[in-house]
Amino acid sequence: MKKLAGSILVLLLLASTLPAQKPAITVPLRFDQYYTLDQVYEALKALNKAYPQLTTLETVGTSEEGRPIMAMTVNNPKTGAALDKPGMYVDGNMHGNEIQGGDISLYLLDFLLGGYGKNPEVTALVDRAAFYVIPVVNVDGRHHFMTDANNPSSNRSLRIPVDDDKDGLFDEDPADDLDGDGNLCEMRKKDPFGQYKTDPEDPRLLVRVKPGEKGEWTLLGEEGLDNDGDGQINEDGEGYVDPNRNWGFDWAPPYVQGGSGEYPFQAVGLKGLAEWTMTRTNIVFAWSFHNNGGMLLRGPSRKGLGEYPQQDVAVYDYLGKQGERIIPGYRYMISWKDLYTTYGDSGEWITQTLGAYFYCSEVFQGESEAFKGVSERNEPGSPREEAVRDIFGEGVSERDRLKFSDNVVQGELYKPWKAFKHPTYGDVEIGGWAKMSSRLGPPFMIKDLVHRNAMAVLFTAKHLPEVSLEVAEVKPLGGGLYRVRTRLSNPKAMPTMSYLAQKTSLYPKDMLTVGGAGAKVVAGGLLVDWYLDQAVYKKDRPELQFTVVPGFGKIEHQFLVEGKGEITVKYASRHFGKIEKTVKLD
Ligand SMILES: [Ca+2]
Ligand SMILES: [Ca+2]
Ligand SMILES: [Ca+2]
Ligand SMILES: [Ca+2]
Ligand SMILES: [Zn+2]
């Protein structure tokens, strides 16, 4: 008895000294908190294990710090190889701090796989399309953002050291978490000549002094020290090569495009990812998830690239309008025109080299933390509190966001000011917005965010081209000659080749061929008018037609075939796949 009590005591002691076990990641995945990078890897492995027939998990690149960049392909091999189906590409978390894209990607995967065989819509989509999903592009960034002290906008970069202040040292003076709370907040110092005073409405906030008014505070920037003793504080942090400015199309040097790196694809991980993606020649649509502003962006990224062909714009407009409906608050916009110009971004690369359609989502919406009731929102001329610094420029004041923090998440988003003795500045205070704030919704909002964004992807994926081939007519003309009419139709928004890709011949057009052992095609071409029997015949090799099946439409061909027996009509498309039909001449 005594001995047993002793061993129970030992067990209890052991249990209390063991580190808390991280709960294992199980399928279906949960979306009640943001996944750490290790949990993203674990979640992908768990999905792969739970759905081995439908998934392939690959490492497509290795980051600067040696972490794998993983891609999951969802494809049902029973309905064909992935490359023989239209492809939907999704990536997220290209900027290290923009972690939501990782969680949206995981949700999309979990939803597709969990819904397969249960939900008819999901089942049909998984059976006819291939999904290529790269939840975390900037693996080093996600790791460091979640593990290290940060502010909401730090750790965006790739881990390629850059000497920002040109002193011969690389990344030698990042911000420092002086109070050790895991956040890089702001420093302020009492100063009667300062540009700020305490906000009369909320003493935690600062407002600019008006001309002639007495100041109270000077803002000293992020928490930090002069780590290298060069007389500047926080002047050379980690990176900075911007993962969304280093791609190999329309790249420009850093004096034109900040953060572009020394040359395109200097980033080894991005290069690996790009090479892998280029071999997925069936990608029709690509979607990249970033995190700030509630925007659904299409290209072009720069005015000088010229507007996309009108038929492509029509596809974007149709899907963009639906995106705005599926995700309330999103504005469908054109990158260069409605946001800003970028060079060497991933979207233009995938559009102009793979010929895919592309959206970039900026998922977080400041409005979701506006802390305004319906009646207040509708007040005519409701004052924009211009005096309060609106750090993210979204028209939601810091006062409101702070009330949201206080009342909806019990103060989690903001660190109250605390006194600190700074070696350079003397008595200062440290406080302000926490790392997990400002462009990252609190955990209770994750589920709605990931679901709606994944559903916008599904809506778009449903509009990948879906081609049917009909041999619409076989008409004997006498003397062993037959008129054969074919119809390729597509009830979905996307054509089998974007008009931009057609214009610049980015990849081969679709091919339609007619042949048979006892038959010879003597003429073949586009059928312009079914009833008036108007066809435009191709000069050479009439049995082979190059074509594109438009979105929401059809294309018809006419062949004059001499002979007898069976003929086979074959259609092959890079972006759709293959179909063939055999008919008898009689
Ligand atoms: Ca330096
Ligand atoms: Ca801190
Ligand atoms: Ca320094
Ligand atoms: Ca320095
Ligand atoms: Zn971004």
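The values are calculated or read from the model by the stated rules, or taken from the named source; none is laboratory data. What you see is a predicted model, and the numbers here were worked out from it, not measured in a lab. Every residue, glycine among them, receives a Cβ derived from its backbone with ideal geometry; neighbour counts consider all protein chains shown.
When residues in the range 142-173 are screened for being surrounded by fewer than 21 Cβ atoms within 10 Å (Cβ to Cβ) and within 16 Å of ligand 3 (Cβ to nearest atom), 12 of them pass. Taken over the range 167-199, the criterion of being closer than 23 Å to Asp236 by Cβ and either within 16 Å of ligand 1 (Cβ to nearest atom) or of a type in the set (Phe, Trp, Tyr) (or both) is satisfied by Asp167, Gly168, Leu169, Phe170, Asp171, Glu172, Asp173, Pro174, Ala175, Asp176. Test Ser498 against the stated conditions and say whether it is in contact with an Asp or Glu (Cβ under 6 Å, 6 or more places away or on another chain) and over 30 Å from Glu186 (Cα atoms). Answer is yes for this residue. Within the range 376-432, the set of residues being modelled with pLDDT under 85, over 20 Å from Thr218 (Cα atoms) and among the basic types (Lys, Arg) comprises Arg377, Arg384. For the range 174-201, filtered to residues that are among the hydrophobic types (A, V, I, L, M, F, W, C) and either surrounded by 21 or more Cβ atoms within 10 Å (Cβ to Cβ) or within 30 Å of the chain's Cα centre (by Cα) (or both), the residue that is nearest to ligand 4 (Cβ to nearest atom) is Ala175.
Regarding the range 284-305, can at least one residue be identified that is farther than 30 Å from Ser153 by Cβ and surrounded by fewer than 19 Cβ atoms within 10 Å (Cβ to Cβ)? Within the range 284-305 (the criterion being farther than 30 Å from Ser153 by Cβ and surrounded by fewer than 19 Cβ atoms within 10 Å (Cβ to Cβ)), the answer is no, since none of the residues qualifies. Screening Val207 against (1) at pLDDT 95 or above; (2) surrounded by 19 or more Cβ atoms within 10 Å (Cβ to Cβ); (3) away from ligand 3 (no atom under 16 Å from the Cβ) leaves a single unmet condition, (1).
Note on the range 224-254: among residues that are among the acidic types (Asp, Glu) and modelled with pLDDT of 95 or more, the one that is nearest to ligand 1 (Cβ to nearest atom) is Asp236.
Taking each residue of the range 160-178 that is of a type in the set (Phe, Trp, Tyr) and at pLDDT 95 or above and looking for partners that are within 6 Å of ligand 1 (Cβ to nearest atom) and part of a loop (DSSP other than H, G, I, E, B) with beta-carbon atoms closer than 7 Å, six or more apart or interchain, yields Phe170/Asp163. Here Arg208, Arg280 are screened, and the one residue that is of a type in the set (Lys, Arg), more than 16 Å from ligand 1 (Cβ to nearest atom) and over 23 Å from Gly344 (Cβ atoms) is Arg208. If you filter the range 549-573 down to residues that are assigned to a loop (DSSP other than H, G, I, E, B) and either surrounded by fewer than 16 Cβ atoms within 10 Å (Cβ to Cβ) or in contact with a Leu (Cβ under 9 Å, 6 or more places away or on another chain) (or both), you find that the one that is modelled with the lowest pLDDT is Lys564. Scanning the range 27-50 for residues that are outside any helix (DSSP H, G or I) and crowded, with 18+ Cβ neighbours inside 10 Å turns up Leu29, Phe31, Tyr34, Tyr35.
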